[in-house]
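Novice: The following block contains the structure, expressed as structure tokens.
Read the figures in this text as sums done on the coordinates, not as results from a lab. This one's a predicted model, so the numbers in the text were calculated from it and none came from an experiment. All Cβ positions, glycine included, derive from the backbone under ideal geometry; neighbour counts span all protein chains shown.
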Amino acid sequence: MHKNILTEPVVRFPGSKVFRPLGGDRHLSVVLLHGSEGGSAGYRDEEAKELASHGYSVLVLCYFDCARKPEANSATLKDVDTSMVLDAIQWLREQPFSDGRVVVNGWSRGGELAMIVGSLNAGGRLPEALIAHTPSDVFNGSFNWLWTDAKCWTCKGPSCSKNSPKSQFKWNGLCGPDDPNRIDLTKSAFLINGTSVKEGSRIAIEKFSGPVLITVGTKDKMWPVDQTRRIEKTLKQANRAAEIHYFEGDGHIFKGSKERCRRNLTLAFLQKVPKNADHKAASAYPTISAPSHAEAAR
């Protein structure tokens, strides 16, 4: 489907890949961040290929659960230092295919990570712009999908039913070493300079002066849309350049024409990223907007 694209593994970031157009031209680059499914799932590769087919260089950055074998247990999202994303931004800027501009684009927990990166006091290491799908406005704790899997819990007594209280079950060690009962879930999964913060702490996204694009479904049952509404309010009060799109009736994952619309919004946003790497030169962006999704899907 996508031709004239080069795909390369990135030794600097194990489990990560770069998708970029063939040729010697310099391009805007994107750091694409997966969600709680982990980097081994490869869910963002197809979007990376599409972005590359439109002339962008894309680093699909694996920040946890990298290169896992299919039969292995999934890794826990925990103790991920945000400096990895800053390092990825710098790495992209140093590549011969880069024009110096980098955008961080995160999905779900990756959207949370994108918001955190934007809030850092990192000066010139920050990206030119941020994109997030259904992000969080607060730091969240560690997580593993196996924690929600019934086979990973065994009954402590002679018998249990699906309605038995959680206290009647114990962690099945065959599902891995990370017993959630032994992990401090009051600490954030993402670290700042090697240190966690309290789970639920607000992400100070207003510190980021560059343009921001956010998409979210109003019926998202995994991460409430109110998180995005609070981000929108914060950015508006700080007079930041933000483009927020609410997809009425949609959930956490978009499909069909709605997903096509989301990707078109991303492509349109990338075309407007300032070439002078000046966050304050984002006059092409509205402060807050909600354009027609039908129009964006054309």
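Novice: Need the list of lysines near LYS166 for cross-linking: C-alpha distance under 17 angstrom, and skip anything on the same chain fewer than eight residues off.
Specialist: Straight-distance partners of LYS166: LYS151, LYS156.
Novice: If the chain between CYS155 and GLN90 were fully stretched, how many nm would it gain, using 0.36 nm times the residue separation less the Cα-Cα distance?
Specialist: 18.5 nm
Novice: Follow-up question, since we're still on this one. Using a basic spin-label model with each label point 7 Å from the Cα along Cα→Cβ, how many nm lie between THR218 and ASP184?
Specialist: For the pair THR218/ASP184, the computed spacing is 4.1 nm.
Novice: Another question, then. Find, to one decimal place in angstroms, the Kirkwood hydrodynamic radius of the chain, where the mean of 1/r is taken over every pair of different Cα atoms and then inverted.
Specialist: 20.0 Å
Novice: Run the reach check for LYS275 against aspartates and glutamates, Cα to Cα strictly under 13 Å, same-chain hits fewer than 8 apart removed. What comes back?
Specialist: Answer for LYS275, where 13 Å is the Cα cut-off: ASP99, GLU128, listed by chain and number.
Novice: Hey, another quick one. Once Rh is set to the Kirkwood radius over Cα pairs, what Stokes-Einstein translational diffusion coefficient, in µm²/s, holds for the range 95-135 at a temperature of 37 °C and a viscosity of 0.692 mPa s? List each step's numbers first, then the result.
Specialist: Values: Rh = 10.7 Å.
The estimated diffusion coefficient comes to 308 µm²/s.
Novice: May I pose another question? Taking square-rooted eigenvalues a ≥ b ≥ c of the alpha carbon gyration tensor, is the range 176-233 rounded, prolate or oblate, where a/c under 1.5 means rounded and, failing that, a/b exceeding b/c means prolate?
Specialist: Oblate shape, in that a/c is at least 1.5 and b/c is the bigger or equal ratio.
Novice: Continuing with this model, one more query. Provide TYR56, TYR63 in ascending order of the number of other Cβ atoms located within 10 Å of each residue's Cβ, fewest first. Intermediate results must be reported in sequence, preceding the final value.
Specialist: On the way: TYR56 22, TYR63 25.
In order of increasing Cβ crowding within 10 Å: TYR56, TYR63.
Novice: Testing the spin-label approximation: label points 7 Å from Cα along Cα→Cβ at THR148 and LYS162. State their distance in nm.
Specialist: If labels sit at THR148 and LYS162, their model points lie 1.6 nm apart.
Novice: Sticking with this structure for a sec: Which lysines have a Cα lying under 28 Å from the Cα of LYS272, excluding residues fewer than 8 positions away in the same chain?
Specialist: Partners within reach: LYS3, LYS17, LYS49, LYS207, LYS233, LYS236, LYS255, LYS258, LYS280.
Novice: Placing unit charges on C-beta atoms (Lys and Arg positive, Asp and Glu negative, everything else neutral), compute the dipole magnitude of the chain about its Cα centre in debye, rounded to 20.
Specialist: Numbers: 40 positive and 32 negative charges, 68 e Å.
With only Lys, Arg, Asp and Glu charged at Cβ, the dipole is about 320 debye.
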